[in-house]
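Accompanying notes for the structure given below.
The values are calculated or read from the model by the stated rules, or taken from the named source; none is laboratory data. These figures come from a predicted structure and were not determined experimentally. Cβ atoms come from the backbone with ideal geometry, glycine included; neighbour counts cover every protein chain shown.
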Amino acid sequence: MKTKISIVFSFLFFSTQLIFSQINGKIIDKDINAPLEYATAALYKINTELVTGVVTNTEGEFSLENIKPGNYYLEASFMGYTSYKSATISVNKKGQAINLGVIKLTLGSQLNEVLLKAERSAVVHKIDRQVFDTKKYQNAEGGNAVDVIKNLPSVTVDGQGEISVRGSKGFTVLVNGKPTQGDAASILAQLPANALETVELITAPSAKYDPEGKGGILNIKTKKGATNGTFAQINARGGFPSIEPYDTKVPAKRYGLDATVNKRSDKWNLSLGASYQRNDKTGRREGDMFIVNQAEDKTTVLPSDGERSFDDISYNGRFNVDFTPNPNDEFSLGFFAGKHTKERLADIVYYDNHAVSPIGTENRLYSFEYYNHNLRIRKGDFALGSFDYAHKFNDKSKLSTSFLYEYTFLGGPTVNDNLGHPDNSIIYQQEYNTNDNPLYGTRFNLDYTWKPFSFGTIETGYQYRDIDHKGEFVYERDGNLVPEFSSDIQLKRAIHSGYAQLTGKKDKWDYAAGVRLESMDRTYTEALKSETTTNLYEYDFVKLFPSASVQFAANDKTNIKAAYSKRVERTTTLKMNSFAEREHSEVFEQGDNTLLPEFIDLVELGITKKLKGGNSVYATAYFRHTDNVINRVNTLAYETNGAVIDSVINRVYSNVGKSNAIGLEFGATIKPTKNWSNVFGANVYNYAIDGVLNFNHRDGVSRSYDIDTESTIYSFNLNSTYSFWENASLQFTFNYLSARNTAMGEDSRFYSPNLAFRKTFLDNRLTATLQWQNIDMGLLNTNEQRITTSRPNQFYTTTNYVYEVDMISLNLSYTFNTVKNKSKFIDSEFGKKEF
């Protein structure tokens, strides 16, 4: 009786893994030491009776569970390879864990060569993510990661270069599974597109991931291989002269060079990389602004037009080394350093500026024209290093640690000169302000994975993140310090979090459920240089972030899945700086020192279905609720005495209430013929913002504005590829984003058609890609976006941003050998978010 009670107790509290035994191992190719995915591991009794069998995962690993005491042998096999039969395996006691180590298979002598040819799917759907093959996007070759991900379903890039997932601009970027904390466009802009293997879109992340990012997670995976040897690749890109110069003073320059060298052996994996990219963009800005001054009964009108171009230069060096002394231990050390400079030039003529009074009449008080030279330089010099260690135990549990330290120097001045027009030698006002802000960041992770239950794996972990971000803002006008605009700020934020999660699979069900507990302490201080006192703003929270997902395989071609995830979008330092900065002649920009993070709840329900001929379709319905929505909004600018500044608008980052988005994303992979494949994705959703903007202006008076807006928004991406013969193809892509509502206005539609022709030479060692981006030919309104804001009886602003079209470039990629790339690099976690 006591024995029975003991068995029941063990079953309830320790799992069947303590009753039955487990046999583990790994199957690889003996000649090249590459893991064999989908190899078969079959366990037999001594009398040749089959007991159980499994196939290996991507790492060649297998696990046979629930093995009763007895004598067995194992057979390992794979198509074209000679089978392996083990010696007798004796299972003597319950709960025994037996590791067979590495099993090496060799190609069978009956085959001289095995050639397997298959086309990888453009998108693979898993329980918690969609996996996209970056090789499908030829128009991105020679560019950066932004050029790749803008083609993904439900991902859009607008005219300002801001990236959104399902309409949400906040999301987290992982590089090879490592978390980063940064502005997506800035992070992705420094990753060469040629180095990418896949992109994973995780819209409802599980509790094991940091909850940062209201749009979910983009996991960027670089190219990987498993063969020993040396891999070397160099990529060169050159842009043809601009077809449409837009009357810019200096022609745009577009060229780049990146190289990767990877040396791999049984124990060592060494990666070196360097990149230089110049990606200028020309364009114009056409604007109009009306400011209503009720107190003085007049309206001021400011039409404008002029150049708005970008010089974008980045170069960096990367180093990473992995050391695997045995199958159970792995060490990794990485360094990454570089420079990134982005200069935005806005040379604008403000023509026919005038004021009328009374409001609504044509009675002009004055007319005035002037020329504004506005140069905004942003720099990001960075250096960071990381150290990782992982250990696999004999029972297949795994302990891993990761430490990252980052130093980033952010800064760069803004020059704002108001000059005469057409005589630019007349100086009305010259302003100059700096925003030097060094950042120090630290992250530490400790994670443990084990399988105590037959029905699932337990994942637990702890993470610590810390940033110290200082800013010194010096504002000068006509050579003299402007004390009300000059300030010092500092943000310190420490985050402790721990998580526990269960993942498993049973019959037709895949499931995952977990919770993350996070504690955040934030301290923000600011002070005007003209004052001796410092203002302190503190904010902290302790919150649970639960998540759950489930997938049901209705049959071998249809999967149905559902998920829930709670997320957070933290604030950046510069969005909290409440002291104004002169961004343009007619714009002050400032933040909110009490800005709260956004909290997001997401629910989704989806279905995927495979069709004949490699075709497939999918659809996902979702609902996203956000509290403390942060928007950039416009308000009237005031003097310190409370009077309206007739020619300036205040651009403010602030919490404006709550928002709801309910939508449907759907897509399909369609191959009408063997040589023609199409990938289509679309997203349509209703977006509503409801709340109140409360803001303290520079005059110290609090003002409130009601926010209530709703709109239906849609976007779609098309990728159509036709292969003329085995080594040549033509690809057309089209990205479209409809008009969408903002807290105080609307952003217009934005679209971009692209064409790319790719041809390989020299036994596929050399690849040439000719790209025609932003096709317009003077017939369309490609790469154009109008942004409009308004408040009744206060102001109306509309600005049309016209960016360069018909850009032609040639990318050449040469691989010096056929060994696959196993290089992997670290990336910035903290500084790029503030760039």
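If I ask for residues that are part of a strand (DSSP E or B) and either outside the structural domain of T798 (by TED's automatic domain parsing) or among the acidic types (D, E) (or both), which ones from the range 710-762 would you list? Please lay out each step first, then the result.
Our first condition is that a residue be part of a strand (DSSP E or B); within the range 710-762, this holds for 710-725, 728-737, 740-742, 745-747, 750-761.
Hits for the range 710-762 are E710, E746, D747.
Being closer than 26 Å to V542 by Cα, in the same structural domain as I377 (by TED's automatic domain parsing) and either touching a Pro at 6+ places or on another chain (Cβ under 7 Å) or of a type in the set (F, W, Y) (or both) is not true of E598. For G360, the criteria (1) in a strand (DSSP E or B); (2) over 30 Å from F331 (Cα atoms) hold in every case but one, which is (1).
The set of residues from the range 639-654 being in contact (Cβ under 8 Å) with a residue 60 or more places away in the chain and more than 18 Å from S790 (Cα to Cα) comprises E639, T640, A643. Screening S585 on (1) over 30 Å from P153 (Cβ atoms); (2) modelled with pLDDT of 95 or more shows it passes everything except condition (2). Of (1) in a strand (DSSP E or B); (2) at pLDDT 90 or above; (3) surrounded by 15 or more Cβ atoms within 10 Å (Cβ to Cβ), A554 satisfies all except one. Which? Result: A554 fails condition (3) only.
Of F403, F444, which residue is part of a strand (DSSP E or B) and under 18 Å from R516 (Cβ atoms)? Show your work before the answer.
Details: F403 fails: under 18 Å from R516 (Cβ atoms).
When all the criteria are applied, what remains is F444.
Scanning the range 285-295 for residues that are touching an Asp or Glu at 6+ places or on another chain (Cβ under 8 Å) and surrounded by fewer than 21 Cβ atoms within 10 Å (Cβ to Cβ), we see that the one that is nearest to N783 (Cα to Cα) is R285. Of all the listed residues (P452, P422), the sole one being at pLDDT below 95 and either among the acidic types (D, E) or not in a strand (DSSP E or B) (or both) is P422. Scanning the range 311-342 for residues that are surrounded by fewer than 17 Cβ atoms within 10 Å (Cβ to Cβ), in contact (Cβ under 8 Å) with a residue 60 or more places away in the chain and not hydroxyl-bearing (S, T, Y) turns up P327, N328, D329, F335.
This table checks each residue for (1) more than 14 Å from the chain's Cα centre (by Cα); (2) more than 22 Å from A682 (Cβ to Cβ); (3) crowded, with 21+ Cβ neighbours inside 10 Å; (4) at pLDDT 70 or above.
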residue: S121; (1), (2), (3), (4): yes, no, no, no
residue: T134; (1), (2), (3), (4): yes, no, yes, yes
residue: G142; (1), (2), (3), (4): yes, yes, yes, no
residue: S168; (1), (2), (3), (4): no, no, yes, yes
residue: P179; (1), (2), (3), (4): no, yes, yes, no
residue: I187; (1), (2), (3), (4): no, yes, yes, no
residue: Q190; (1), (2), (3), (4): no, yes, yes, no
residue: T198; (1), (2), (3), (4): no, no, no, yes
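Among the residues of the range 775-789, those that are in a loop (DSSP other than H, G, I, E, B) and under 13 Å from N800 (Cβ atoms) comprise N781, N783. Tell me which residues, restricted to the range 478-497, are surrounded by fewer than 16 Cβ atoms within 10 Å (Cβ to Cβ) and within 30 Å of V550 (Cβ to Cβ). Within the range 478-497, just H496 meets the criteria. Residues of the range 436-450 that are surrounded by fewer than 21 Cβ atoms within 10 Å (Cβ to Cβ) and not hydrophobic (A, V, I, L, M, F, W, C): D436, P438, Y440, T442, N445, D447, Y448, T449. Being part of a strand (DSSP E or B), modelled with pLDDT of 95 or more and not β-branched (V, I, T) holds for only one residue in D352, D305, and it is D305. Filtering the range 617-638 to residues that are under 30 Å from V679 (Cβ atoms) and either free of Cβ contacts under 8 Å to residues at least 24 places away in the same chain or surrounded by fewer than 20 Cβ atoms within 10 Å (Cβ to Cβ) (or both) leaves V617, A619, A621, F623.
Out of the residues in the range 639-649 that are of a type outside the set (D, E) and part of a loop (DSSP other than H, G, I, E, B), state the one that is surrounded by the fewest Cβ atoms within 10 Å (Cβ to Cβ). That would be N641. Residues in the range 602-616 that are loosely packed, with under 15 Cβ neighbours inside 10 Å and either hydrophobic (A, V, I, L, M, F, W, C) or within 19 Å of N686 (Cα to Cα) (or both): L605, L611.
Considering only residues of the range 278-302 that are part of a strand (DSSP E or B) and of a type in the set (A, V, I, L, M, F, W, C), which is farthest from R786 (Cα to Cα)?
Just the residues of the range 278-302 that are part of a strand (DSSP E or B), to begin with: 278-279, 281, 283-293, 298-301.
Among the residues that remain, those that are also of a type in the set (A, V, I, L, M, F, W, C) are: 289-292, 301.
Numbers: M289: 13, F290: 16, I291: 19, V292: 22, V301: 18 Å.
Once the filter is applied, the top-ranked residue is V292.
Restricting attention to the range 498-551 and to residues that are among the basic types (K, R) and crowded, with 16+ Cβ neighbours inside 10 Å, the residue that is nearest to the chain's Cα centre (by Cα) turns out to be R516. The single condition from (1) crowded, with 21+ Cβ neighbours inside 10 Å; (2) outside any strand (DSSP E or B) that V652 fails is (2). Which residues, taken from the range 729-744, are of a type in the set (G, A, S), within 30 Å of Y653 (Cβ to Cβ), buried (at least 17 other Cβ atoms within 10 Å of the Cβ) and at pLDDT 90 or above? If the condition is that a residue be of a type in the set (G, A, S), within 30 Å of Y653 (Cβ to Cβ), buried (at least 17 other Cβ atoms within 10 Å of the Cβ) and at pLDDT 90 or above, then S738 is the only one that fits.
Are any residues in the range 15-55 in a loop (DSSP other than H, G, I, E, B) and at pLDDT 85 or above, and if so, which ones? Selection gives I46 alone. Checked against (1) out of contact with any Pro (no Cβ under 8 Å at 6 or more places or on another chain); (2) crowded, with 16+ Cβ neighbours inside 10 Å; (3) of a type in the set (D, E, K, R), E569 passes all but a single condition, namely (1).
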